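Reading through the structure tokens given below for one structure.
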Amino acid sequence: MHLLTRSTRTYVIYASIMMLIAIPLCYVLIHYLFIQDADEWLLHDKMLLVQQMQQQQVDISTTHLPSWQTNVVIKPIPKPLTIPSDEFFTAYAQNPLNHEQVPYRILSSIIESNGNYYQVSIRMSLIDSEDLMQSLVLTIGILWALLLIGWIILSRIQSRKLWKPFYLALEQLKQFQLHHSHALRLPEHLSIQEFRELNQTLNRLTDHIVASYQHQKEFTENMAHEMQTPLSIIQSQIDCLLQDKYLNASHAEQLQHMHEAILRLSRISRSLLLLTRIEHGQFEKVEKINFHKLIQKNIQLIEPLIEARSLQLHYQNRGIPIIQIHPFLADVLISNLLSNAVRHNIENGTIEIELTSNLLCIKNTGITQPLEENIFDRYRTRSHPEQGSGLGLSIVREICRTSNMQIHYHYAAGWHVFTLHFQPIDVELMSATQVVDQQTDR
């Protein structure tokens, strides 16, 4: 929900509740004022009637209207023991013209005139006041609604103008890409102090982030590059020592261990550099990649490893998905998954590959227990630290993250299963299921 919508909704709810409370209260208050006014008129008419009766200007046998729109009923009564106070009440009587119930305000009083007592009822029609009250309440409601609508419109117009610097900063933050090496350049000369301070802070923060990113990037690249030179020298020296004919078996074995450690250190250096480049988004250019051809190419590349371990490989292809991905990352992704299936297999084991329109499933035999839960973590404890760099699956997960893919692992009935989910931009369906079986003996 937008900030402006949230704040406007709160005020609208509050104003609506107040309007629902205020309109009935206005009606009750106006009705009370009309009743008070009617009672005053009735008292005034009573006083005029008393004066006329005392001056014998009123014929008791007939009913006269002593003042504006009043009906008077005068009945002689015996002398009461006590004279009660005046009584006001509202009653309804039928209108003889349209047969509708008309409200009247009635004053009932006992009057003494020339030693005689009379029961006097003076009434005043409230039909006009009822119509007037309804008109007033309706007018108040309409004015209130117009004020509310006008306030909402003006508030949104003013808020959009007021919050324009904020939305501008938000839009630039959405478009901010760290690997582009460009910090934000938000306007700092604003009339509103809070937005001015916000833009100044964001500019300083992004400047610092970009500078730190550049330093980290340069350090990683320089470190990886500079490490290769001494590693290559050490490796070449070890190769020379291994070729020395005077080298005894014990020393040769130690040098061989050193040679393997140097190779692994070199692989770790290259893998860390690749992982850092992927995390920093340095592979932006994407192309349409045929996953079927890519898998076939990588299968051919690992054939020597498959033959060396007497593995059996089955490849089932039920579709030819076309994926939008950086070509180098696609090659690394498939290569790491296949290499992992070969490296962590058993002698005379099996690898099964299944490709459909939206997933790639790679299964391999191996140890008879599931792998650790943090298999995709970068610095997990591994069962065979001498094999590979230990970063292959971390690179796979990072490629999936940056390429809108998902990778999952599970263990089922002796099979280690890696499933890659993706959204192809195109799929070439095959006429029949293609199965490629490759088996090599030791």
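Numerical summary
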| quantity | calculated |
| --- | --- |
| 14 Å beta-carbon shell around Phe88, net charge (K/R +1, D/E -1) | -3 |
| Rough spin-label spacing in nm, given labels placed 7 Å along Cα→Cβ, for Ser236 and Leu136 | 10.5 |
| Ranked Leu255, Leu205, criterion: other C-beta atoms within 10 Å, fewest first | Leu205, Leu255 |
| Order of Lys46, Lys217, Lys161, Lys297 under a 10 Å beta carbon neighbour criterion, fewest first | Lys161, Lys297, Lys217, Lys46 |
| Helix 127-162 axis, angle to the chain major axis (alpha carbon atoms, nearest 10°) | 30 |
| Glu373-Lys164 FRET efficiency (beta carbon distance; Förster radius 35 Å; 0.05 resolution) | 0.15 |
| Projected-area mean, the chain, by convex hull of Cα positions, square nanometres | 47.0 |
| Ser250-Arg6 FRET efficiency (beta carbon distance; Förster radius 56 Å; 0.05 resolution) | 0.15 |
| Dipole magnitude of segment 3-159 about its Cα centre (Cβ charges: Lys, Arg +1; Asp, Glu -1), debye to nearest 20 | 680 |
| ³J(HN,Hα), Karplus 6.51/-1.76/1.60, whole Hz, each residue of segment 40-48, x for Gly, Pro | 5, 5, 5, 5, 4, 5, 4, 4, 5 |
| Choice from Ala341, Ala261, Ala183 with maximal GNM fluctuation in the chain (Cα, 10 Å cutoff) | Ala261 |
| Exposed-loop-free span, longest in the chain, where chymotrypsin sites (Phe, Trp or Tyr not before Pro) count as exposed if DSSP calls them loop and at most 12 other C-beta atoms lie within 10 Å | 69-245 |
| Under Karplus coefficients 6.51, -1.76 and 1.60, residue-wise ³J(HN,Hα) of segment 231-245 in Hz, glycine/proline x | 5, 5, 5, 4, 5, 5, 5, 5, 4, 5, 5, 5, 8, 5, 6 |
| Ellipticity estimate at 222 nm from DSSP helix runs (n ≥ 4, -39,500 (n - 2.57)) divided over the chain, nearest 500 | -18000 deg cm²/dmol |
| Neighbour-count order for Ser155, Ser129, Ser236, fewest beta carbons within 10 angstrom listed first | Ser236, Ser155, Ser129 |
| Nonlocal amide H pairs with Gln312, under 5 Å, H built at 1.01 Å | Gly349, Thr350, Ile351 |
| Lysines whose Cα lies under 29 Å from that of Lys293, excluding same-chain neighbours fewer than 8 positions away | Lys285, Lys363 |
| Length released on extending from Lys297 to Asp37, taking residue separation times 0.36 nm less the Cα-Cα span | 83.6 nm |
| Selected from Thr82, Thr368, Thr350 as most flexible by GNM, with the chain as the system and alpha-carbon contacts under 10 Å | Thr82 |
| Those lysines that a straight Cα-Cα span of less than 23 Å connects to Lys46, excepting residues fewer than 8 apart in one chain | Lys75, Lys79 |
| Segment 176-282 - percent relative contact order, Cα under 8 Å, separation 6 or more | 27 |
| Residue of Asp207, Asp377, Asp239 that the Gaussian network model of the chain assigns the largest fluctuation, springs spanning Cα pairs under 10 Å | Asp239 |
| Relative contact order [Cα under 8 Å, 6+ residues apart], the chain, whole percent | 11 |
| Which of Trp163, Trp151, Ile122, positive extreme of dipole for segment 122-241 (C-beta unit charges) | Ile122 |
| Inter-label distance, nm, simple model (7 Å from Cα along the C-beta direction), Gln175/Leu20 | 4.5 |
| Estimated translational D of segment 3-159 in µm²/s (Stokes, Kirkwood radius over Cα pairs; 4 °C; 1.567 mPa s) | 67 |
| Centre separation in Å (Cα based) which lies between segment 271-330 and segment 158-202 | 42 |
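FYI, it's all coordinate maths here, none of it is from the lab. The shown structure was predicted, so the numbers you read here are calculated from the model rather than taken from an experiment. Quick reminder, even Gly has a Cβ in these numbers, built from the backbone with ideal geometry, and neighbours come from all protein chains shown.
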